[in-house]
Protein chains: 2
Amino acid sequence: MIRKNEEKIFEDYLARENLKHSEQRKEILDVFLNTDKHITADELYGIVRKKYPSIGYATIYRTIRLLCECGLCLELKIDDGTTRYEHLYGHRHHDHLICVKCNRFVEVVDPDIERLQEKLFKRFGFAPQRHRMELYGICKKCKK
Amino acid sequence: MIRKNEEKIFEDYLARENLKHSEQRKEILDVFLNTDKHITADELYGIVRKKYPSIGYATIYRTIRLLCECGLCLELKIDDGTTRYEHLYGHRHHDHLICVKCNRFVEVVDPDIERLQEKLFKRFGFAPQRHRMELYGICKKCKK
DNA sequence: TATAATAATGATAATAATAATCAAAATCAA
DNA sequence: TTGATTTTGATTATTATTATCATTATTATA
């Protein structure tokens, strides 16, 4: 099950860059889109390998890079040192509440905070590019 | 030039944990405190080595860990993949404006944002532990 | 459709940051 | 001062990611 829009974005990007499509790339995109958000390269590799046992690690990393370049994927460096990837298409910008016990991610957007961040950029004379905000704590389930 | 308070915090911590003091640890703390903020392990190593040419990389990493444990140092994972360390003692919590061109760090605190962050934690039933917020952009100097 | 040019793949080696190991040296409590 | 314990520096190990390269797959076009 591939979402048509995302598939088209990827294919257009490949065509634009004179790159070739392949079964592996199709499968990696499919798995990425159908899996939980905030996946690691290793987790993605583990799932893709079920269908493509011969797939190499390098292909996973190469394809993730392409997905990031064409705007379908965002790389996140988490405080614990891991690198995770999340869907970008059809997802507005958001920040994260992260449970330090169970590693659960909750996506949040607070328009008031966003507005204040813009003001901060302006106050210090910075041209805004992007921001990240992560709130680390212990979620309801893990508290009890 | 060592600041007495920090030195005491470190020594107390070592005593409490039944660890020993050493010239190397003293020197690393001294360099760390007197250097610019947001230093990498490699940069710290480079400076300390001028006074202690025989120092090993492992000692740098080991001592950084101790400094983090005793609350004098905070580890920051930056979006570009580097790990940097900043002073914690005598510095209230703050967030960062980061210039993606020249790598300049500006420390900022916005009490309104802080308050809204606390509200976000509460709204999702999280027990707050800490947060990080980084605003990436291009600073005044690099714009022109 | 066959071909030729180009790119992708998978296996493997390389790299870079950090951590673990261990014998020798330093610290410190008694 | 000594002896137990810790630290050190050198080195090796580990982990995530990237580069290399021969083989295979894709694709434009004849």
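The values are calculated or read from the model by the stated rules, or taken from the named source; none is laboratory data. Worth saying up front: this structure is predicted, and the values here are computed from it rather than measured. Glycine gets a Cβ as well: all are built from the backbone with ideal geometry, and neighbour counts include every protein chain shown. Surface areas here come from the heavy atoms of the whole protein model, side chains and all, with no ligands, DNA or RNA. Shrake-Rupley method; radii C 1.70, N 1.55, O 1.52, S 1.80 Å.
Miscellaneous remarks
- Residues of the stretch B:20-64 classified as more than 11 Å from DNA strand D (Cβ to nearest atom) and among the basic types (Lys, Arg), total: 2
- Among the residues of the stretch B:104-114, just one is within 7 Å of chain A (Cβ to nearest Cβ) and assigned to a loop (DSSP other than H, G, I, E, B), namely B:Asp110.
- Residue within the stretch B:81-92 that is polar (S, T, N, Q) and on the phi < 0 side of the Ramachandran plot present: yes
- In the stretch B:44-59, the residue that is nearest to the other protein chains (Cβ to nearest Cβ) out of those that are more than 9 Å from DNA strand C (Cβ to nearest atom) and among the hydrophobic types (A, V, I, L, M, F, W, C) is B:Leu44.
- Set A:Leu116, A:Leu120, A:Leu76: member being aliphatic (A, V, I, L, M) and closer than 26 Å to A:Arg3 by Cβ: A:Leu76
- Checking each residue of the stretch A:66-80 against the condition of being within 13 Å of DNA strand C (Cβ to nearest atom), over 15 Å from the mean Cα position of the chain (by Cα) and either farther than 29 Å from A:Leu135 by Cα or not hydroxyl-bearing (Ser, Thr, Tyr) (or both) gives at least one match.
- Answer from B:Lys101, B:Lys77 - the residue that is basic (Lys, Arg), touching a strand residue (DSSP E or B) at 6+ places or on another chain (Cβ under 8 Å), within 14 Å of DNA strand D (Cβ to nearest atom) and within 14 Å of another protein chain (Cβ to nearest Cβ): B:Lys77
- Subset tally (residues that are outside any strand (DSSP E or B), under 15 Å from B:Leu120 (Cβ atoms) and either of a type in the set (S, T, N, Q) or open to solvent by less than 40 Å² (accessible area, probe 1.4 Å) (or both)) for the stretch A:115-137: 2
- Checking B:Glu43, B:Glu69, B:Glu75, B:Glu7 one by one, the residue that is at pLDDT 90 or above, over 30 Å from B:Tyr136 (Cα atoms) and not hydrophobic (A, V, I, L, M, F, W, C) is B:Glu7 and no other.
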